[in-house]
Amino acid sequence: MDHPIGLQIRGGTKVYPGTRALKSVDFDLRMGAVNVLVGENGAGKSTMMKVIAGVERLTEGTVLMDGHEVQFNSTDDAARHGIGIVFQELNLFPNMTVAENIFITREKTRFGVDIDRSAQRAATRALMQRLEHDIDPDTPVGTLRVGQQQIVEIAKSLSQNARILILDEPTSALSAAEVEILFRVIADLKRDGVGIVYISHRLEELIRIGDYITVLRDGAITGARSMEGVDVPWIVRNMIGEASKDFAKTEHHPYGPEIFRAEDICLPRIGGGLAVDHVSLSLRAGEILGVYGLMGAGRTEFLECVMGRHDHARGQFFVEGTPLREKDVAGRIARGIALIPEDRKNDGLVQMLAIRENMTLSSLGDFTRIFHMDLAAERSRVADFVKRLVVKIASMENPVSSLSGGNQQKVVIGKALMTKPKILLMDEPSRGIDIGAKA
Ligand SMILES: Nc1ncnc2c1ncn2[C@@H]1O[C@H](COP(=O)(O)OP(=O)(O)OP(=O)(O)O)[C@@H](O)[C@H]1O
Ligand SMILES: [Mg+2]
């Protein structure tokens, strides 16, 4: 089947202060097909898509549609050319409802005057039906979990009827069943001739869904072809080069004594029922305990209870056999508990602060001298974690918002590890992290 090229980048270079994020890339986006994009954290995937979506401008090079050069100065500008994007980081307004978020800046109006809320609600319901979700249009987005917010972002992009749809890691917080639903929607869009760009770190997912694949490494394209015959080793080779990296090795070690216990934890849900329903578990030193459940099953809420974020939770926790009496988060960190939260943008990081400041936020006490902060000690500890976690940064003084999605996640992980936890709670910790770093 023939897939016409709907958009091209030629000689695309993007320079940020201290970083060449794209190095003279040539990219073809094919219509009626899924164009997958893969590469390590910081390789330039999101940057290339932001150029297409009108968020960033190329430093050098051109974007062409139907053979003509185009320049987008904003996402609205790109939208007028039929380009829609679901960003890697969630971009919704927490205080507004699902319907309001979906139609923001494109409100449906009655006689061009006031907002037609019932029309927006009905359209939202239809979108949710298409995505096989029963999220109420009137729910404030801030009360939804990350996975549900991802569904709202996808619904919002579908509502724009884009001819080119960019999905930057749309499934990082979705369950297997929800991924299947999204794939069915993508198949429908393809049939309608929509050109889709799909970014993910789940390689099997890419091979299954993709028609074409482009691999980026350090801002340069190292491979671009039809998906036919592509396998995981081919992708990995192009992603990281011939030099093979060490992946996680399983080492056997004996478990220690019980280090943590939860007894009969309950968390009432607003509006009745229990979000966490009589959960008990026991954890030994050196043990990894997996917590599984569908979206909304209470996994995140349970971890939040352990961390001391819900003061109306019932039940009892024990650390090394002694009851955990500390009620607040700071007290629980002091007892050796750390959480890598699911929602890095809102719970994990302060976007305006530097990478260094974010990493040490939970362990500031370690660097406080009587009247001042020991900056040298703080810097060297941060440098150590940056190296261990292979965080790609230009300088630790840059704002954390200048990092790629996966590298922001590594900062969240570093921040938790820096408190030297005895019990580490991880809620979807590998969201957006590439295979090399999962080790
Ligand atoms: N606003 C910015 N200011 C400075 N540097 C930036 C900015 N945005 C991105 N970068 C840098 O550009 C490079 C490419 O980032 P990009 O977000 O495109 O990576 P990515 O391939 O999407 O990675 P990930 O898989 O982690 O999402 C990174 O080194 C990043 O730190
Ligand atoms: Mg990215």
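Six or more apart or on different chains, Cβ atoms under 8 Å: show the pairs whose first residue is in the stretch 25-53 and in the same structural domain as G405 (by TED's automatic domain parsing) and within 12 Å of ligand 1 (Cβ to nearest atom) and whose second is part of a helix (DSSP H, G or I) and of a type in the set (V, I, T).
Partner pairs satisfying both residue conditions: none exist.
Where the second residue is open to solvent by 50 Å² or more (accessible area, probe 1.4 Å) and assigned to a strand (DSSP E or B) and the first is more than 14 Å from G293 (Cβ to Cβ) and lies in the stretch 270-282, which pairs have Cβ atoms under 7 Å and are six or more apart or on separate chains?
H278/D264; S280/E263; S280/D264; S282/E258; S282/R261
Filter the stretch 66-92 for residues that are under 30 Å from T139 (Cβ atoms), in a loop (DSSP other than H, G, I, E, B) and away from ligand 2 (no atom under 16 Å from the Cβ) and give the result.
Residues satisfying the conditions are S74, G82, L92.
Quick test for you: out of V38, V55, pick the one residue that is within 16 Å of ligand 2 (Cβ to nearest atom), out of contact with any Lys or Arg (no Cβ under 8 Å at 6 or more places or on another chain) and not polar (S, T, N, Q). Break it down stepwise before answering.
Working: V38 fails: out of contact with any Lys or Arg (no Cβ under 8 Å at 6 or more places or on another chain).
The unique qualifying residue is V55.
Hey, among the residues in the stretch 155-169 that are out of contact with any strand residue (DSSP E or B) (no Cβ under 6 Å at 6 or more places or on another chain) and farther than 18 Å from G6 by Cα, which one's surrounded by the most Cβ atoms within 10 Å (Cβ to Cβ)? Before the answer, list the steps.
Taking the stretch 155-169 first, the residues out of contact with any strand residue (DSSP E or B) (no Cβ under 6 Å at 6 or more places or on another chain) are 155-156, 158-159, 161, 163.
Filter once more, keeping what is farther than 18 Å from G6 by Cα: 155-156, 158-159.
Values: A155: 25, K156: 21, L158: 20, S159: 17.
Of everything passing the filter in the stretch 155-169, A155 is surrounded by the most Cβ atoms within 10 Å (Cβ to Cβ).
From G44, G54, G18, which residue is closer than 26 Å to R431 by Cβ and crowded, with 23+ Cβ neighbours inside 10 Å? Full working, then the answer.
Values: G54 fails: crowded, with 23+ Cβ neighbours inside 10 Å; G18 fails: crowded, with 23+ Cβ neighbours inside 10 Å.
Unique residue meeting the criteria: G44.
Can you name every residue in the stretch 305-350 that is assigned to a loop (DSSP other than H, G, I, E, B), open to solvent by 40 Å² or more (accessible area, probe 1.4 Å) and not aliphatic (A, V, I, L, M)? If you could, list the steps in order and put the result at the bottom.
Quick first cut of the stretch 305-350, residues assigned to a loop (DSSP other than H, G, I, E, B) only: 308-313, 320-321, 324-328, 335-336, 341-343, 349-350.
Applying the additional criterion that residues be open to solvent by 40 Å² or more (accessible area, probe 1.4 Å) yields 309-312, 320-321, 325-328, 335, 350.
Residues satisfying the conditions are R309, H310, D311, H312, E320, G321, R325, E326, K327, D328, R335.
Quick check on the stretch 1-11. Is at least one of its residues open to solvent by less than 70 Å² (accessible area, probe 1.4 Å), on the phi < 0 side of the Ramachandran plot, in the same structural domain as V146 (by TED's automatic domain parsing) and within 16 Å of ligand 2 (Cβ to nearest atom)?
For the stretch 1-11, residues open to solvent by less than 70 Å² (accessible area, probe 1.4 Å), on the phi < 0 side of the Ramachandran plot, in the same structural domain as V146 (by TED's automatic domain parsing) and within 16 Å of ligand 2 (Cβ to nearest atom): absent.
Check off (1) under 23 Å from A53 (Cα atoms); (2) in contact with a strand residue (DSSP E or B) (Cβ under 9 Å, 6 or more places away or on another chain); (3) of a type in the set (A, V, I, L, M) for M96 and give me the number that stays unchecked.
Of everything listed in (1) under 23 Å from A53 (Cα atoms); (2) in contact with a strand residue (DSSP E or B) (Cβ under 9 Å, 6 or more places away or on another chain); (3) of a type in the set (A, V, I, L, M), M96 misses just condition (1).
Tally time: how many residues in the stretch 280-303 are part of a loop (DSSP other than H, G, I, E, B) and not aliphatic (A, V, I, L, M)?
Keep residues of the stretch 280-303 that are part of a loop (DSSP other than H, G, I, E, B), which gives 285-298.
Adding the requirement that they be not aliphatic (A, V, I, L, M) leaves 286-287, 290, 292-293, 296, 298.
Residues that pass the stated criteria total 7.
Please work out which residue is farthest from ligand 2 (Cβ to nearest atom), limiting yourself to the stretch 22-31 and to residues that are open to solvent by 10 Å² or more (accessible area, probe 1.4 Å) and not basic (K, R).
Kept after step one, since they are open to solvent by 10 Å² or more (accessible area, probe 1.4 Å), are these residues of the stretch 22-31: 23-24, 26, 28, 30-31.
Add one more test, that the residue is not basic (K, R), and what stays is 24, 26, 28, 31.
On the way: S24: 20, D26: 20, D28: 20, M31: 23 Å.
The qualifying residue farthest from ligand 2 (Cβ to nearest atom) is M31.
Within the stretch 388-418, restricting attention to residues that are charged (D, E, K, R) and away from ligand 1 (no atom under 16 Å from the Cβ), which residue is surrounded by the fewest Cβ atoms within 10 Å (Cβ to Cβ)? Write out each step before concluding.
At the first step, the residues of the stretch 388-418 found to be charged (D, E, K, R) are 388, 392, 397, 410, 415.
Narrowing further to those that are away from ligand 1 (no atom under 16 Å from the Cβ): 388, 415.
Working: R388: 11, K415: 21.
Step by step, filter the stretch 388-418, then rank; the result is R388.
Near ligand 1 (Cβ under 10 Å from one of its atoms) and either out of contact with any Pro (no Cβ under 6 Å at 6 or more places or on another chain) or not in a strand (DSSP E or B) (or both) - does that describe any residue in the stretch 56-65?
Of the stretch 56-65, the ones near ligand 1 (Cβ under 10 Å from one of its atoms) are 56.
Filter again for either out of contact with any Pro (no Cβ under 6 Å at 6 or more places or on another chain) or not in a strand (DSSP E or B) (or both), leaving 56.
For the stretch 56-65, residues near ligand 1 (Cβ under 10 Å from one of its atoms) and either out of contact with any Pro (no Cβ under 6 Å at 6 or more places or on another chain) or not in a strand (DSSP E or B) (or both): present.
Give the residues of the stretch 363-387 that are open to solvent by less than 40 Å² (accessible area, probe 1.4 Å) and either touching a Ser or Thr at 6+ places or on another chain (Cβ under 7 Å) or acidic (D, E) (or both), sorted by residue number. Talk me through it step by step, then tell me what you get.
Of the stretch 363-387, the ones open to solvent by less than 40 Å² (accessible area, probe 1.4 Å) are 363, 367, 377-378, 382, 385-386.
Once the filter is applied, which keeps residues that are open to solvent by less than 40 Å² (accessible area, probe 1.4 Å) and either touching a Ser or Thr at 6+ places or on another chain (Cβ under 7 Å) or acidic (D, E) (or both), the stretch 363-387 yields S363, F367, E378, V382.
The values are calculated or read from the model by the stated rules, or taken from the named source; none is laboratory data. If you're wondering where the values come from, they're calculated on a predicted model, not measured in any experiment. Cβ sites come from the backbone with ideal geometry, for glycine too, and all protein chains shown count toward neighbours. Please note that ligands, DNA and RNA were not included when accessible areas were found on the heavy atoms of the full protein model with its side chains. Shrake-Rupley method; radii C 1.70, N 1.55, O 1.52, S 1.80 Å.
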